[in-house]
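Below: the structure, in structure tokens.
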Amino acid sequence: FHTHTHTAPPPSSSGDNMTIPAKSLSLLASLISTATLGPTPLEVCLRPEDAEAFAPVFGTSPSTSLCEVPPAIVEQELGSPSRSANDDNNGGDEDNSEVVAAAKAEAFVDAAVEAASSKLDAAVLAVGHKTRLSERKRSHIEAVFRRLKPGGLMVLHFDADQYSTGDASKDEEDAKHGLPPLESLVDALNRPCFDDYYRGPLPNIEHQIKVALFLQDLLVLFKQGAGDEVDYLTLGDYGRAYGEGRGQLLGRLRVWELSAPSLPWDEKYFSQQLRLFDMHIEAVYARLTFKLKVMRTKDPGHQDYVLLTPRKKKKAKKMTIPQFRSTLINDLSFGLALHTERIEVTSLENLEEHDGLTEVEVKFLPSTVVPRDKVDFSFHPKIDWKNWTSYFRDQGPQPLHVVAQTFREKALMIGHDLSDFYKGGVTIGALQKKYQVTLQSPDCQSFDAAIKVHGFRCFPSSTGYTEQHEEPVPHSPLHRIFAKEKLDCCIGKGAFGDLPHRRVKHRWEGDEDILTQDGTMYLSGEKLIAYDRKEEMHAGWQASQRLDLMVTDKLNEAFGFTEYGTKTPPDYPKPLQDRAHALSRERSTDRPLGFVDDEECSTWVRERLWHMLKLGGLFAFEQDPCYGGFGSPVKYIATTNSSTGWARHAAGALLVGLEWEWDGIEMVFAHKNLIAARKAGGPIPKFTGFHDNPKAQRKHPPPRLEL
């Protein structure tokens, strides 16, 4: 489906060691330096011949090993649903193969086995010089990726084809029936925009990839944290929007691109909150306060009942206590994407000091209580995803560590949020932000600081570990590279997304940014010009010549261009793009444009602003219009002449070293429906330790927590 093709360079005649570009390694090392690595070395698997090049990327002395995978696991991966009918060991016709594939798609990964084998922080694999993988290469990559801890990363580097399975003829045959090229991960990670069931080049792990980073000769795959996918589904617009997901890419990249150091307490704060995943948890208890009165009856012929008063409504709803419990369980299942088998309503207590208010306690059970044949269940009709497997694919139920955090974040959402917590059948009567989360664990004392950071309470188990409890889900410290912004400082703030301002506001005087949204262009937060007032623009929208001139004049005036004054003459001495390019070169060091955020996936916007961007600047865009538009009944894979096609083509060219096709791009980040491209030629961001600005430290004092 791509019209562009890449001609890969021939394998290196030197055999093993084709040189990996130093700039790519330096950029990756700079990005990794934003994580809090701590004194414990990272666990990294790589080939001996790669150790010298990659060891500095992962810290001073990473603990290294070979990327070995048990043969049985590789065979299991080879038998995955992605395998085509032509590669089926038993032969068989295509229809029968599809039936077998569908059955295999319903087999969920054993969470306990995967957690036990997930001990790697990072892995480095060589994949040859082709971006279209054979089945055997694909299966090995997927098997090693599953060994990564949540938040870990995998580096695939492209050099002479040394990644041999020992059967060259089989490799060749597999390549003929191969999957899409690796640059099509741009589409696979954005499947909600056009096809929920789309499968790309790594179909068995794509739902676990948080960000795909394309560099010259390198592809870096960042693994999701344990709660990331649940966040997207529950905290966004019913799974079709971000919630707080945008900041995980754009906020973190802005902080990195501006070399913004941490405040002294941010790194400790993040490390403490991440320790929650190292706990054993037996149950999570949550309390909500309702406008509800429990009515007890003495008549044996009548049931006790409740009177629920919805917010902003006068008439109370009367229902029996069993009806209330059942409806509340369904509301929580919908709001938290949680199996009903894991939810129990344990008590309803009238608050004597507040007449008409009742505190309701809910108990959440470990993921192990869900039978394997009950993992797949239908979602609420308001959620566009049909069921568990359409979204999570082969992943099992989320652990209690995630359930507790999701409940807290949903309770922090307020009435105007599209998918807020307080619109259910009975949760409509819950008081906003009146909640409490308590963990039951034998590890309360050891993790006291982590529990306080999350705002939870904890009580110990009376008999040690019970038969069913949630095992720890240890995360890699590399998770911080693209973690939610609030995890550095501000858990408890419902919609925090101000990490760049918190870190570097005092340094932004010479660095402009542009946002395009709903047909309006904003320069550093102030409206510059409205160029289209339609509700939603499409990717191929083009301005009229008159409007084009007006926007160009506004940009020239805002950025101090004076070659033609503030008014543009009727005819250009050069084509528009050449003129903009020449002017941007002329003033490349004076008040540069450092960041562009285009929410319309507009080719016209990109053509106007890309050449004005400073070297090393970031150009980001949302992809929805490039795939047909949010809510549009007609969906399709982004065309090659769209902004997505531009970034996808550059990503493939970067992998195989075709410098003349990069269009000035040195990095492409793909994350859900977001793309960010870094312009080549800028300095590599460097972190110098903690923030040394006393004024900024006084403005953001440390949280009142014992860390």
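The values are calculated or read from the model by the stated rules, or taken from the named source; none is laboratory data. Here the structure is a predicted model, which is why all the values come from computation and not from measurement. Glycine also receives a Cβ, built like all others from the backbone with ideal geometry; neighbour counts cover every protein chain displayed. Surface accessibility is based on the protein's heavy atoms, side chains included, excluding ligands, DNA and RNA. Shrake-Rupley method; radii C 1.70, N 1.55, O 1.52, S 1.80 Å.
General remarks:
- Some residue of the range 649-660 being surrounded by fewer than 18 Cβ atoms within 10 Å (Cβ to Cβ) and in a helix (DSSP H, G or I): yes
- Taking the criterion of being open to solvent by less than 40 Å² (accessible area, probe 1.4 Å) and not acidic (Asp, Glu), the residues of the range 130-142 that qualify are Thr131, Leu133, Ser134, Lys137, Arg138, Ser139, Ile141.
- Top-ranked residue in the range 158-178 [being modelled with pLDDT of 50 or more and crowded, with 22+ Cβ neighbours inside 10 Å; ranked as farthest from Phe277 (Cα to Cα)]: Asp159
Residues checked against (1) at pLDDT 80 or above; (2) under 27 Å from the mean Cα position of the chain (by Cα); (3) not in a loop (DSSP other than H, G, I, E, B):
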{"position": "Lys104", "(1), (2), (3)": "no, yes, yes"}
{"position": "Val109", "(1), (2), (3)": "no, yes, no"}
{"position": "Ala116", "(1), (2), (3)": "no, yes, yes"}
{"position": "Ile141", "(1), (2), (3)": "yes, yes, yes"}
{"position": "Val144", "(1), (2), (3)": "yes, yes, yes"}
{"position": "Lys149", "(1), (2), (3)": "yes, yes, yes"}
{"position": "Leu153", "(1), (2), (3)": "yes, yes, yes"}
{"position": "Leu156", "(1), (2), (3)": "yes, yes, yes"}
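- Exactly one residue out of Val403, Val360 is open to solvent by less than 30 Å² (accessible area, probe 1.4 Å), in contact with a strand residue (DSSP E or B) (Cβ under 9 Å, 6 or more places away or on another chain), in contact (Cβ under 8 Å) with a residue 60 or more places away in the chain and over 24 Å from Ile209 (Cα atoms): that is Val360.
- Taken together, the residues in the range 312-334 that are open to solvent by 40 Å² or more (accessible area, probe 1.4 Å) and within 20 Å of Phe421 (Cα to Cα) amount to 10.
- Condition check for His581: at pLDDT 60 or above, in contact with a His (Cβ under 9 Å, 6 or more places away or on another chain) and open to solvent by 20 Å² or more (accessible area, probe 1.4 Å): no
- Residue within the range 297-311 that is of a type in the set (Lys, Arg) and touching a strand residue (DSSP E or B) at 6+ places or on another chain (Cβ under 6 Å) present: no
- Screening Ala337, Ala286 for residues that are open to solvent by less than 10 Å² (accessible area, probe 1.4 Å), closer than 30 Å to Phe377 by Cβ and in contact with a Leu (Cβ under 6 Å, 6 or more places away or on another chain) leaves exactly one candidate, Ala337.
- For the range 30-50, filtered to residues that are farther than 17 Å from Pro150 by Cβ and assigned to a helix (DSSP H, G or I), the residue that is most open to solvent (accessible area, probe 1.4 Å) is Pro48.
- Candidates Asp231, Asp237 - the one that is among the charged types (D, E, K, R), surrounded by fewer than 21 Cβ atoms within 10 Å (Cβ to Cβ) and either modelled with pLDDT of 80 or more or under 25 Å from Lys484 (Cβ atoms) (or both): Asp237
- Restricting the range 456-471 to residues that are open to solvent by less than 80 Å² (accessible area, probe 1.4 Å) and modelled with pLDDT of 95 or more, the residue that is farthest from Arg287 (Cα to Cα) is Cys458.
- Ile414 aliphatic (A, V, I, L, M), farther than 18 Å from Ile343 by Cα and either open to solvent by less than 40 Å² (accessible area, probe 1.4 Å) or under 20 Å from the mean Cα position of the chain (by Cα) (or both): no
- Every residue from the range 379-392 that is more than 29 Å from Leu431 (Cβ to Cβ), open to solvent by 20 Å² or more (accessible area, probe 1.4 Å) and either at pLDDT below 90 or touching a helix residue (DSSP H, G or I) at 6+ places or on another chain (Cβ under 8 Å) (or both): Asp384, Lys386, Thr389
- In the range 213-227 there is at least one residue matching the filter, namely being at pLDDT 90 or above, among the hydrophobic types (A, V, I, L, M, F, W, C) and part of a loop (DSSP other than H, G, I, E, B).
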